[in-house]
Ligand SMILES: [Zn+2]
């Protein structure tokens, strides 16, 4: 997972934007030029000039630009704006403008699935990325649906011997019999997904969504990532020979 995405979970300094990977080219980084971000205090902004700025809240909007010269795509962004006391005693002002992302379009990727990941699974992961900052509970529901699609792709049965539909939990249990490590990760995501989907009282944060997305990413890497079997086989041969062998 791109560490910059994790920095978007909380408020950050408006002069120190995280630089996530560009969703268009997947190579460049997204940067926020100061001229491209507009911050606006809620209510009567005319008062901003004379009162203590600490405690101001509002919204921001703007655009991020890809650093890749062959891409240069934009992502439109918006979210919360606030003014906090500055932590840094050497700061030129006693306050700092802070921002929290709530929308990004096109969506900033929250995980990097291997290229061989089935489209139906990747599509649900994209859906989670498109709502994670604004409504984390919807994002976790999309992650849960991605598990259903993954079980489809892995050939897990949809119905039992009695013809009744199998629950996602049951399908994951069957999958776990042959893939204990990945199955455990996915089962954990399912529990969190259930809470987000069915329990109105459970608080799901964007950070929780990223944690669960990371579980899925690790499982997808094992299922659809580059084949490392030759490396593992050679390590086994070296251990058996107790010396360097081909
Ligand atoms: Zn780009």
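For residue 10, the conditions (1) within 13 Å of the ligand (Cβ to nearest atom); (2) in a loop (DSSP other than H, G, I, E, B); (3) under 22 Å from the mean Cα position of the chain (by Cα) are fulfilled apart from (1). Of the candidates 204, 238, 216, the single residue that is out of contact with any helix residue (DSSP H, G or I) (no Cβ under 8 Å at 6 or more places or on another chain) and surrounded by 10 or more Cβ atoms within 10 Å (Cβ to Cβ) is 238. Quick check, is residue 69 outside the structural domain of residue 155 (by TED's automatic domain parsing), within 16 Å of the ligand (Cβ to nearest atom), farther than 30 Å from residue 215 by Cα and free of Cβ contacts under 8 Å to residues at least 60 places away in the same chain? So residue 69 passes the test. Of the residues making up segment 115-167, just one is touching a helix residue (DSSP H, G or I) at 6+ places or on another chain (Cβ under 6 Å) and exposed (fewer than 14 other Cβ atoms within 10 Å of the Cβ), namely 116. Kindly evaluate residue 63 against the criterion of being within 16 Å of the ligand (Cβ to nearest atom), in the same structural domain as residue 23 (by TED's automatic domain parsing) and at pLDDT 95 or above. Yes.
Please indicate, with yes or no, whether at least one residue in segment 20-28 is under 24 Å from the mean Cα position of the chain (by Cα), more than 16 Å from the ligand (Cβ to nearest atom), outside the structural domain of residue 208 (by TED's automatic domain parsing) and modelled with pLDDT of 95 or more. No: segment 20-28 contains no residue that is under 24 Å from the mean Cα position of the chain (by Cα), more than 16 Å from the ligand (Cβ to nearest atom), outside the structural domain of residue 208 (by TED's automatic domain parsing) and modelled with pLDDT of 95 or more.
Just one of the listed residues (79, 58) is over 30 Å from residue 216 (Cα atoms), modelled with pLDDT of 90 or more and outside the structural domain of residue 204 (by TED's automatic domain parsing), namely 58. Does segment 115-132 include one or more residues that are more than 12 Å from the chain's Cα centre (by Cα) and under 23 Å from residue 11 (Cβ atoms)? Checked against the condition, which is being more than 12 Å from the chain's Cα centre (by Cα) and under 23 Å from residue 11 (Cβ atoms), segment 115-132 yields no hits at all.
With the requirement that a residue be surrounded by 15 or more Cβ atoms within 10 Å (Cβ to Cβ), within 16 Å of the ligand (Cβ to nearest atom) and in contact (Cβ under 8 Å) with a residue 24 or more places away in the chain, what does segment 72-114 give you? Hits for segment 72-114 are 73, 75, 77, 104, 106, 107, 108, 109, 112.
The values are calculated or read from the model by the stated rules, or taken from the named source; none is laboratory data. The model shown is predicted, which means the values in this text are computed figures rather than measured ones. No Cβ is skipped: glycine too gets one built from the backbone with ideal geometry, and neighbour counts run over all protein chains shown.
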